[in-house]
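The values are calculated or read from the model by the stated rules, or taken from the named source; none is laboratory data. Predicted, not measured: the structure shown is a model, and the values here were computed from it. Here the Cβ is made from the backbone with ideal geometry for all residues, glycine too, and neighbour counts use every protein chain on show. Keep in mind that these areas ignore ligands, DNA and RNA; they rest on the heavy atoms of the full protein, side chains included. Shrake-Rupley method; radii C 1.70, N 1.55, O 1.52, S 1.80 Å.
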Amino acid sequence: MSGSRSRLEVKHLASLVKLKLSLEEERLFSVQLSRIVEFFDQLDKARVDGVEPTFHPLDVYNVFRRDIVSPYPGEKLLNLPGRVRGRYIWAPRM
Amino acid sequence: MRETYTLKLIREIESGSLPLDEYLARKAEAIAKLEPLLNSFITIVKGFENYEAGKLGLLRGLTVAIKDNICVEGVETTCGSLILKGYRPSYDATVVERIKGNSGVITGKTNMDEFAMGSTTEWSAFGPTRNPWDPSRVPGGSSGGSAAAVASGESELALGSDTGGSIRCPASFCGVVGLKPTYGLVSRYGLIAYANSLEQIGPIARDVYGCALLLTVIAGYDPRDSTSIDRSSTDYRATLIDGLEGFRIGVIRELLGEGVDRRIRSSIRESIYKLESLGAVVEEISMPSIEFALPAYYIIAMAEASSNLARYDGVRYGMNLPVRDHDWSRYCEEVRSRGFGLEVKRRMILGAYVLSAGYYDRYYIKALKVRTLIKREFTDAFKTFDALIGPSMPILPFKIGEKVEDPLELYMCDMDTVPVNLAGLPAISIPCGLADGLPIGLQIIGSYFREDLILRVAYNLEATLDLRLKPVFSEVCL
């Protein structure tokens, strides 16, 4: 993530997380992100051959609840000022 | 039991020598006077001082400030971000339900770095919080508002959340006590997610007793959080027992290495002598994988953040724009680009980078393997030791604006706190001294679900040090 590629790469990465950066942000991030990635490269020194990754601090397993109907707080959830018409929420075109 | 500040207050309220309405009026006055200077709160709950005590639970009407990434029904919850401005949750977080059910009086929502991404509270969209010890300095972060509110007396107790040190760092910088619980001890239902596998909600208080009290209230199984652990409940107040005879305490060499201020090293050494005088056996221990904890932590946290923050589309909650002229994709981009601040954008982009094809194994999976090594080293250490210690922060509170231009320098501040989050362990920060009028924090780390042991070590050390800290700006100085 260095040299002339970095600015284009920053723009591409931003689009992946649905962000439109200003020119100033693009310039700033292309410098800063390269430095931060260099810092991440410190992990190259870690000896991890044969080590299993830990995705979670606990042994995570599926948790199920009993299949019982509970009241749905529809009115509360639709309390979005300026965005609700009747029982519908305004949203942009798909 | 030793009569600490919080215990004395509770006894006064119980006995009626301090009427609850008088106490609450005093708190409202402290907030009114201190808030223009400190900016600890984003939202203050109107009329909290008019609370009428019903069935008195464990908290007896003590005030509790809630970090602004924890949902309180009907009270604006912004996470320190413009993108959630105006969002009023339709439900209480489980921890908030428990506080209300125990007669805690919620004073407001405290300031924080946007989405808890920061160590100074400077990344809040609502302006920085100032340190009550020196308002030109940062209070630490990301739960800086909570720590400043407790240190100044604006609130008796507070909740913070700790993803990589966000309770312990501001507790250290503000001279208060903050505890990050074992992963799974406290429900995260109603906590707005930043990095799910790392974060926990925890208490901040002026003394160890206050921390034990609030932990007793909020800890416990919650079926609404799939990572909550079903264990029998503990009254952590009962674990505050005098004496440390037979305790074995390890000092982690790597936490006191390069980059730690000499005044902090010296203060930690003083605490070690005190622990020995209390009957504990203190020995040094080396944990070499800690060297890689900081890059591993940031890779994992940023990866989880980029995924978690995908939900903010400007439709369902918070910031919205007129929708007529946009298609879905452009609308989302527009809202997100206006609503998120610089640090959040930086972390989401880096998260996308470490998760992308070609870099996933090199960064993300490798970081998770380092996490395994760190977890193993802690597990091995706890076969010998009851608790491990080191500094909470490597440096003293610095000036507002001093490091904000250099994100990497700010990330380095977390070097002593992140190993605990990677392993999912409990840790507490307590004040252990002052240098140039600024507080220093000592970190005590425990094995899984051994909050009882670290609270006991902290309680005894607190008594022996007897610091009686009073910040420059606090309710007693009004």
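Residue A:63 to residue B:361: FRET efficiency via 1/(1 + (r/R0)^6), r the Cβ-Cβ distance, R0 51 Å, to the nearest 0.05?
0.95
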Karplus (6.51, -1.76, 1.60) ³J(HN,Hα), θ = phi - 60°, over the stretch B:128-144, in Hz, Gly and Pro reported as x = x, 8, 10, 6, x, 7, 6, x, 7, 10, 6, x, x, x, 8, 8, x
Square roots of 5 times each gyration tensor eigenvalue, C-alpha, the stretch B:64-141, largest first, Å = 23, 16, 9
What are the lysines whose alpha-carbon lies under 16 Å from the alpha-carbon of residue B:109, with same-chain residues fewer than 8 places away excluded?
-> B:27, B:46, B:67, B:85, B:100
Rounded to the nearest 500, what is chain B's calculated 222 nm mean residue ellipticity when only DSSP H runs of at least 4 contribute -39500 (n - 2.57) each, over all residues?
-> -11000 deg cm²/dmol
Expressed in square angstrom to the nearest 10, the accessible area of residue A:51 with a 1.4 Å probe stands at 10
Computed log₁₀ I(q)/I(0) - Debye formula, equal Cα scatterers, no solvent, the protein assembly as shown, q 0.05, 0.06, 0.12 Å⁻¹ | -0.19, -0.28, -1.18
Cα Rg over Rh - the stretch A:5-44, Kirkwood = 1.03
Cα gyration tensor shape of the stretch B:233-387, rounded if a/c is under 1.5, else prolate or oblate by comparing a/b with b/c | prolate
The simple spin-label model distance between residue B:435 and residue B:238, using points 7 Å out along Cα→Cβ, in nm, is 4.1
For residue B:53 and residue B:412, calculate 0.36 nm times their separation in residues minus their Cα-Cα distance, and state this gained length in nm to one decimal.
-> 124.7 nm
Tell me, what HN-Hα J-couplings in whole Hz come from the Karplus equation 6.51 cos²θ - 1.76 cosθ + 1.60 at θ = phi - 60° for each residue of the stretch B:200-208, using x for Gly and Pro?
-> 9, 7, x, x, 10, 8, 6, 9, 5
Buried accessible area between B and A, both sides, 1.4 Å probe, in Å² rounded to 100, is 5500
If you take the beta carbon distance between residue B:286 and residue B:399 as r and set R0 to 35 Å, what does 1/(1 + (r/R0)^6) give as a FRET efficiency, to the nearest 0.05?
-> 0.55
Per the charge dipole of the stretch A:5-44 (beta-carbon charges, Lys/Arg positive, Asp/Glu negative, Cα centre), the residue among A:13, A:32, A:43 reaching farthest to the positive end is A:13
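Express as a percent, rounded to the nearest 5, the fraction of DSSP beta bridges in chain B (both residues included) that run antiparallel.
Restricted to chain B, the bridges split so that about 65 percent are antiparallel.
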Could you tell me which of rounded, prolate or oblate describes the stretch B:404-448, using a ≥ b ≥ c as the square roots of the eigenvalues of the alpha-carbon gyration tensor, with rounded for a/c under 1.5 and, failing that, prolate when a/b is larger than b/c and oblate otherwise?
-> oblate
Quick one: what are the phi-derived ³J(HN,Hα) couplings along the stretch B:97-108, Karplus 6.51/-1.76/1.60 with θ = phi - 60°, whole Hz, x for glycine and proline?
-> 4, 5, 5, 4, x, 10, 6, x, 9, 7, 8, x
Accessible-area ranking of B:1, B:348, B:412, largest first, probe 1.4 Å | B:1, B:412, B:348
First check a/c for the stretch A:36-94, with a ≥ b ≥ c the square roots of the eigenvalues of its C-alpha gyration tensor; if it is under 1.5, answer rounded, and if not, answer prolate when a/b is larger than b/c or oblate otherwise.
-> oblate
Cα-Cα pairs in the stretch B:109-152 separated by more than 15 Å, as a whole percent of all pairs, come to 25
Virtual paramagnetic centre 7 Å along Cα→Cβ of residue B:76, amide N under 18 Å, in the stretch B:8-34 | B:32
Spherically averaged projected area of chain B from its Cα convex hull (nm²) = 21.6
For a label point 7 angstrom out from the Cα of residue A:44 toward its Cβ, which stretches of the stretch B:351-375 have the backbone nitrogen within less than 16 Å?
-> B:359-364, B:366-367
